[in-house]
Amino acid sequence: MKKYISAKIVSAFLILVFSAVNAVSQEKSAEDLAKSLSNPVASLISVPFQNNFQFGIGQEHGYKYLLNFQPVIPVSISSGLNLINRVIVPAVFQNDVILNSRQNGIGDILYTGFISPKVSKVTWGLGPALSIPTATDDLLGSKKVLLGPSLVVLAQPGSWTVGGLVNNLWSVAGSSERGEITAFFGQPFITYNTKGGMGIGVSSENSYDWRGKRLTSGLVAINLTQVIKFDGKQNASVAFAPLLYYANQNVNRPEWGARVSITLVYPK
């Protein structure tokens, strides 16, 4: 019954999102805008709303809805450098993921500041990543302040975008009731963008616990994106991705999932 209801929810979101494709922009800049959105350190103000649906989690076959609000704001700090400010604010609604219980609320906020050259043959960004223990429920956060370096490197030959993003965080403060954390995150990605602003690509998101010596979260996303305009004025991008999960067998990983996103775009 849960799977049937979950499938109906996902189907409703897909119908809603892809009905907007009828308003696809035919401007020559659609491909350029799509390529910029494939670049995590592009000089482009964007406001993504990423909806993640996860089903069949653990022995109780729980479900989880994760909304990531993740604005990206570039700031010029010199004639040759930008500071790309990226914030991820997670809102979580889950049931039967942790024992037979339900948790709703905000998770820990992650800020990353990439210093990136404005002109470079190979695009890169380097800077600090900071996780702040803002979770409104103890079971939705680490109760630790995490700090470490983050790096993104990519190339965009022709219509392709190929690259990866990594960070490594250490716990530097927070509750003594929780164990110390040393965690790695890696996200390789590849995307092909068409002249009409459509993108087809594959990405992978992996979290590794150095202390526990195990992969705590891993997924592959097959990404389909399309640049559109709302009311002929507001640039945006809609995206859909089926999610395939893998991780350590002792981790409550989902059986399957889907991601539906909309990104508002404000070119500088």
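Read-outs: derived from the displayed coordinates by stated rules, not from any lab. Only a predicted model underlies this, so the values are computations on that prediction, with no experimental measurement involved. Using ideal geometry, Cβ is built from the backbone for each residue, glycine included, and neighbour counts are taken over all protein chains shown.
Quick notes on this structure:
- Structure-based [θ]222 nm, the chain - -39500 (n - 2.57) summed over DSSP H runs of at least 4, per residue, nearest 500: -3000 deg cm²/dmol
- Once you divide the Cα radius of gyration of the chain by 2.2 N^0.38 Å, the number left is 1.02.
- Relative contact order, percent, the chain [alpha-carbon distance under 8 Å, six or more residues apart]: 19
- One decimal place: the segment Ile222-Phe93 gains 44.1 nm when fully extended, by the rule 0.36 nm per residue minus the C-alpha distance.
- Sequence ranges 178-188, 235-245, ranked by mean other-Cβ count within 10 angstrom, highest first: 235-245, 178-188
- Cα-Cα pairs of the range 61-152 separated by more than 23 Å (percent): 39
- Of Lys35/Lys229; Lys118/Lys233; Lys195/Lys229; Lys64/Lys229; Lys35/Lys195, those spanning more than 19 Å from alpha-carbon to alpha-carbon: Lys118/Lys233; Lys64/Lys229
- Taking label positions 7 Å along the Cα-Cβ direction at both Asn104 and Trp170, the computed distance is 4.0 nm, reported to one decimal.
- Charging the Cβ of each Asp and Glu at -1 and of each Lys and Arg at +1, and nothing else, the dipole of the range 2-267 about its Cα centre rounds to 260 debye.
- Spin-label model, Asn85/Asp231: points 7 Å from Cα along the beta carbon direction are separated by 2.7 nm.
- For Gly199, neighbours were defined as the other residues whose beta-carbon sits under 13 Å from its Cβ, and their charges (Lys and Arg +1, Asp and Glu -1) total 0.
- Label-to-label distance for Leu139 and Ile200 is 4.2 nm, based on points extended 7 Å past Cα in the beta-carbon direction.
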